[in-house]
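Everything below concerns the one structure shown next.
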Amino acid sequence: MRAALAVLCVAALTAGAAFAAAGEKEQIRFTKADQAAARRAVASRADLGSGNWAGGLKKPDLSQSPSCANFHPKQADLVITGAAESDWTDQGLQLETVGQILKTRAMVAADWRRTILAPGAVPCLRSRLLKDLGKGVTFVSFRRVVFAPVATNAEAFLLLVDVKTNSRNVRVAVEFVAIARGRTELTIVSVVQNAVQKVVAQIDAQIARQLVARAT
């Protein structure tokens, strides 16, 4: 079961790929200051509260995302100056956060319009999630959900799947949250058994507030 949760989390991050960019590649021009800002923007152990959390920072995946038919948002004019990712687990909960710093606020605003608000964005995210589910995982539903008002630009989506184990099928919830504030783009992905998803959604919102407060 733990392995299945990890695979789902990777699939969600791959599909989201920090704002579901597809078809083009951003320019990468890291600066020392913005790399530090990106590391501050992702979840640290101090953000998670009590529990037996294990994990930490990992190298962010900045490879080009697979494209979707009829959805190719412009990305080549965007410049990423900082990027970081953290991965945490605790008793069946998988939580990953990604922070990207863009060169200007205008770039973040343009990216949000192109890849979150654009009509083709949600169908693209859904299709890429389904493509990466893997063997033993059955799709149940995918929808936009209401998320805490942590920032002016914040959207959340919930994927439900059934994961086949040795003894039974377990329903698993994957929440994908995209946030834009200032020059910072944040992605939060949590994967957990659906029975406790509402509690985890509250945890996601609490963590999101902390990350937004530190956003550049």
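The values are calculated or read from the model by the stated rules, or taken from the named source; none is laboratory data. Model, not experiment: these values are computed from the prediction. In this analysis, Cβ positions are derived from the backbone assuming ideal geometry, glycine residues included, and neighbour counts consider all displayed protein chains. Just the protein is used for accessible areas: all its heavy atoms, side chains included, with ligands, DNA and RNA removed. Shrake-Rupley method; radii C 1.70, N 1.55, O 1.52, S 1.80 Å.
On the basis of being touching a Leu at 6+ places or on another chain (Cβ under 8 Å), β-branched (Val, Ile, Thr) and in contact (Cβ under 8 Å) with a residue 60 or more places away in the chain, does Val170 make the cut?
no
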**OP:** For residues that are assigned to a strand (DSSP E or B) and small (Gly, Ala, Ser), scanning just segment 127-179, find the one that is nearest to Val191 (Cα to Cα).
**Re:** Ala173
Original post:
Being open to solvent by less than 60 Å² (accessible area, probe 1.4 Å), closer than 27 Å to Leu48 by Cα and outside any strand (DSSP E or B), is that true of even one residue in segment 186-199?
Top reply: yes
Original post:
Considering Thr115, Thr138, which residue is β-branched (Val, Ile, Thr), open to solvent by 20 Å² or more (accessible area, probe 1.4 Å) and touching a residue at least 12 places away in the same chain (Cβ under 8 Å)?
Top reply: Thr138
**OP:** Inspect segment 162-171 for any residue being surrounded by fewer than 22 Cβ atoms within 10 Å (Cβ to Cβ) and of a type in the set (Ser, Thr, Tyr) and give the result as yes or no.
**Re:** yes
Original post:
When the residues of segment 46-84 are filtered to those that are under 24 Å from Cys124 (Cα atoms) and in contact with a Ser or Thr (Cβ under 7 Å, 6 or more places away or on another chain), which remaining residue is surrounded by the fewest Cβ atoms within 10 Å (Cβ to Cβ)?
Top reply: Cys68
Subject >> Number of the exception - Val212 against (1) touching a strand residue (DSSP E or B) at 6+ places or on another chain (Cβ under 9 Å); (2) open to solvent by less than 50 Å² (accessible area, probe 1.4 Å); (3) over 28 Å from Glu26 (Cα atoms); (4) among the β-branched types (Val, Ile, Thr) >> reply: (3)
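Please specify each residue of segment 69-90 satisfying the condition of being modelled with pLDDT under 85 and not in a strand (DSSP E or B). Break it down stepwise before answering.
As a first pass, look at segment 69-90 and keep what is modelled with pLDDT under 85: 69-73.
The answer is Ala69, Asn70, His72, Pro73.
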